[in-house]
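Here's the structure, in structure tokens; my notes come after.
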Amino acid sequence: MSSTNAKGKVQWRRNRGDTAARRRETMPWLIKRYKLVILGAATVGKSSLVSHFTHGSYLSVKENTLVAAFSSIYLNKCLKFDTWEVAGEERWHRLAHLYYRGAQAALVVYDVQDRASYVCAKDWIDEVRIKLAPDLVIAIAANKVDLWDDLCVNSDEMKSLAQNNDYIFMETSARTGQNVHEIFAAIAEKLQARKNPDTLKVSSDEFCGCRIL
Ligand SMILES: Nc1nc2c(ncn2[C@@H]2O[C@H](COP(=O)(O)OP(=O)(O)OP(=O)(O)O)[C@@H](O)[C@H]2O)c(=O)[nH]1
Ligand SMILES: [Mg+2]
């Protein structure tokens, strides 16, 4: 907003508190932004799921994530996830809380061929249930279903855990794209269905101090 003073100079007046409303008027597509954290053991396919979603195809991710990785995931023009993937290697676990704090949704991933990653996924669920808000949206991805065979982990227990606690559960494949878009969409839908969406808005402060080391 501008006005002209006695000397004819243009003065810019900052109308405090009005900024968000003005931004909504000028950029109506930038409506909702949520913090999402992706957790799970190493090599379960966390980076691959993000990469499949953002590139629309499978890129074989060869390198393990170090500490954590940030990406912006635009579900559509109106909804964005500020996404932190916490590296799955055990040595980074103690730093995980720096990245998941303030998250409104957690996507916990395990590899259907790897029993240890299944146990690890349960531990992550227990941890975020205690440490994060009670209305945290939790989604579980049983990933690499394209490699499914009789020796794979039996997901029945995880399915009933999800059912009993109102978590999202999907069998995914970052290779074929099975349920990749669907799981992010389901998280978004659940976040938006919350009774008080205002409590879910992420303040920019929450991202301070969370940088890739
Ligand atoms: N067949 C198959 N391979 C996959 C799938 N998802 C990931 N991979 C492969 O699994 C390996 C590990 O994938 P990443 O996405 O790097 O795993 P990550 O969970 O990010 O691992 P960290 O960063 O170490 O925690 C890569 O070689 C991927 O190509 C999948 O759905 N199917
Ligand atoms: Mg990774």
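Side notes on the structure shown:
- Amide H within-cut-off set for I140, under 5 Å, with H built and near neighbours excluded: V108, I168, F169, M170
- Nearest-0.05 FRET efficiency for N64 and E157, computed from C-beta distance (R0 22 Å): 0.20
- The 3J(HN,Hα) values that the Karplus relation (6.51, -1.76, 1.60; θ = phi - 60°) gives for region 179-185 are, in residue order, 6, 6, 5, 4, 6, 5, 5 Hz. Gly and Pro appear as x.
- Convex hull volume of the Cα atoms of region 30-202, normalised per residue: 104 Å³.
- Each 10 Å bin from zero holds the following percent of Cα-Cα pairs in region 108-159: 25, 50, 21, 4.
- By the beta-carbon count within 10 Å of each Cβ, the least crowded to most crowded order of V109, V119, V67, V145, fewest first, is V119, V67, V145, V109.
- For region 110-188 versus region 48-81, the gap between their alpha-carbon centres in whole angstrom: 17
Bear in mind these aren't lab numbers, they're just calculated from the coordinates by the rules spelled out. Predicted, not measured: the structure shown is a model, and the values here were computed from it. Every residue, glycine as well, gets a Cβ built from its backbone with ideal geometry; the counts of neighbours run over all protein chains shown.
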